[in-house]
Amino acid sequence: MVDPPFQKFMDFSKYYIPLGLLSIAGELQKNGHEVCVYDADYNPGGKSMPFIEKMEHYHAYLDALKNENHPLWREADRIFLEFKPDVVGLSLISTKFASGMIIAERYKKLGAKRIVCGGPHTTIHPDEVLANPNVDSVVVGEGEKVFERALAEEKIVADRIKNLDELAWPARAQLYNLSAYKPNDLGIIMTSRGCPFDCNFCCSKALWGRNVVTRSIADVVAEMISINELYGTREFYIADDTFTCNRNRVLDFCLRVKDLGFTWSCLTRVDTVDADTITAMKSAGCKMIKIGLESGNERVLGLMNKMIHKKDVMRAAEIFRQCGVPWMSYLIVGVPGETEAEVDDTISFIKEVNPNFISFSVFTPYPGTAFYNQLGLDKIPYHLFNHHNLSSHFGKISLTKIKEVAEFADDWNNRHHNK
């Protein structure tokens, strides 16, 4: 099972692990298969770069796509020959599509009998992936219960898994070069799949519908305890799309982990938090909440179909401040129709609500999103398609303004990090 390289070409630090591949690996191992999970993007020696520097390094990825002798391609070959698998499973997101197809070609030449692709991009554009002559099968949707069928069938459309507790836990022990991973890198977990909301820049609806399927809190906490006992992990990241969309479930989680001594962070929305819940989260070890603020302009929030208002953000920011929980704000600049004056509104609003950190992105209409469909995109160059690449520029916002916001975010993070 392979997560193709992307950020590693640019020498970025990439945290955490390919949870989807590891979950499939857990099921395959349970069924008697020998499995190795090769995270080709893991880079423990990489740099944590500011946004401007990330943008300036993107050319290194583009150069690598044209260099068949790049050290990372040779590393991938070496690991294939070391394990000699019959079957290769590739997880594809749109930004890694070009990289993944290079891995497929190289591994076919090295003797892979069958190459199976899954992941978000494959789920959204299965026929495009299957059109590659090196790809034998594609899995649309969740792969845990159907991957073995892909050993014989060309295209599998998986039903939603209704009981996530039935699945094996992600097989972290099967990570290639496991000893290189830091304990906290192994601490990413999911307690649910799906999101009930429908933002125009997000592909969650295309992947899951708008139905949320949850694990039992007992199963989640048991996995956390197991990870801690096996690897010494004490810091976790909950990778759910909207962790606090079910208040009672969050309170149950907090009650069960409160005395375990773990710290954790999560992603959620401003309209799904309240003071009592955040207080409980703080007392249970929550050390950071990541919030999709995205814009500080009401009209642009409407264009994004965020279904929130600035007053919602201000209310949540005050709750975070009073409860003493740090928070990070995601920003997107350049959505279709946004003006530079509206970008300035976002900068002013950030100063008003005062998040601890900012995560900045250039608007990119990824496949499966409403914006992608609205723009009528087709046959796009995926290797140029990334929210930190200035050449993938779809809105009316100038590159000068985009760089200005990136520099603002970098300066903001530096000042708050040094407090």
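The values are calculated or read from the model by the stated rules, or taken from the named source; none is laboratory data. Model, not experiment: these values are computed from the prediction. We place every Cβ from the backbone using ideal geometry, glycine too, and count neighbours over all the protein chains shown.
Looking at the stretch 9-37 only, could you name the residues that are under 17 Å from the mean Cα position of the chain (by Cα) and either at pLDDT below 95 or not in a helix (DSSP H, G or I) (or both)?
Phe12, Ser13, Lys14, Tyr15, Tyr16, Ile17, Pro18
All but one of (1) within 27 Å of Val140 (Cα to Cα); (2) touching an Asp or Glu at 6+ places or on another chain (Cβ under 6 Å); (3) polar (S, T, N, Q) hold for Asn184; state the number of the condition that does not hold.
(1)
Pairs only if they're at least six apart or on different chains, beta carbon under 6 angstrom, first in the stretch 282-298 and more than 15 Å from Phe236 (Cβ to Cβ), second of a type outside the set (Asp, Glu) and part of a strand (DSSP E or B); list them, first residue then second.
Ile291/Trp327; Ile291/Ser329; Gly292/Tyr330; Leu293/Ser329; Glu294/Ile332
What pairs come out if I take residues in the stretch 308-330 that are within 14 Å of Asp271 (Cβ to Cβ) and outside the structural domain of Leu293 (by TED's automatic domain parsing) and pair them with residues that are surrounded by 14 or more Cβ atoms within 10 Å (Cβ to Cβ) and at pLDDT below 95 whose C-beta lies under 8 Å away, six or more apart or interchain?
As it stands, the answer is none, since no pair meets every condition given.
Can you name the residue in the stretch 243-255 that is farther than 17 Å from Leu164 by Cα and under 20 Å from the mean Cα position of the chain (by Cα) and is also surrounded by the most Cβ atoms within 10 Å (Cβ to Cβ) among such residues?
Across the stretch 243-255, the extreme among qualifying residues is Thr244.
Yes/no matrix, rows are residues, columns are (1) aliphatic (A, V, I, L, M); (2) in the same structural domain as Cys202 (by TED's automatic domain parsing); (3) touching a residue at least 12 places away in the same chain (Cβ under 8 Å):
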| site | (1), (2), (3) |
| --- | --- |
| Ile93 | yes, no, yes |
| Ser99 | no, no, yes |
| Ala104 | yes, no, yes |
| Lys108 | no, no, yes |
| Lys113 | no, no, yes |
| Cys117 | no, no, yes |
| Pro133 | no, no, no |
| Gly141 | no, no, yes |
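For a quick check of your reading of the model, give me the residue pairs whose first member lies in the stretch 16-35 and is aromatic (Phe, Trp, Tyr), whose second is part of a helix (DSSP H, G or I), with beta-carbon atoms closer than 6 Å and at least 6 apart or on different chains.
Here the result reads Tyr16/Asp185, each pair linking the stretch 16-35 to a residue that is part of a helix (DSSP H, G or I).
Sort out which residues of the stretch 229-265 are among the hydroxyl-bearing types (Ser, Thr, Tyr), part of a strand (DSSP E or B) and either touching a helix residue (DSSP H, G or I) at 6+ places or on another chain (Cβ under 8 Å) or at positive phi (or both), and write them in order of number. First the steps, then the outcome.
Step one: list which residues in the stretch 229-265 are among the hydroxyl-bearing types (Ser, Thr, Tyr), which gives 231, 233, 237, 242, 244, 263, 265.
Remaining after also requiring part of a strand (DSSP E or B): 237, 263, 265.
Across the stretch 229-265, the qualifying residue is only Tyr237.
Do you know which of the residues in the stretch 270-308 that are among the charged types (D, E, K, R), farther than 14 Å from Cys254 by Cβ and within 22 Å of the chain's Cα centre (by Cα) is surrounded by the most Cβ atoms within 10 Å (Cβ to Cβ)? Let's see the steps before the verdict.
Looking only at the stretch 270-308, we keep the residues that are among the charged types (D, E, K, R), and these are 271, 274, 276, 282, 287, 290, 294, 298-299, 306.
From the residues that got through so far, the ones that are farther than 14 Å from Cys254 by Cβ too are 271, 290, 294, 298-299, 306.
Remaining after also requiring within 22 Å of the chain's Cα centre (by Cα): 271, 290, 294, 306.
On the way: Asp271: 17, Lys290: 18, Glu294: 23, Lys306: 25.
Restricting to residues being among the charged types (D, E, K, R), farther than 14 Å from Cys254 by Cβ and within 22 Å of the chain's Cα centre (by Cα), the top hit is Lys306.
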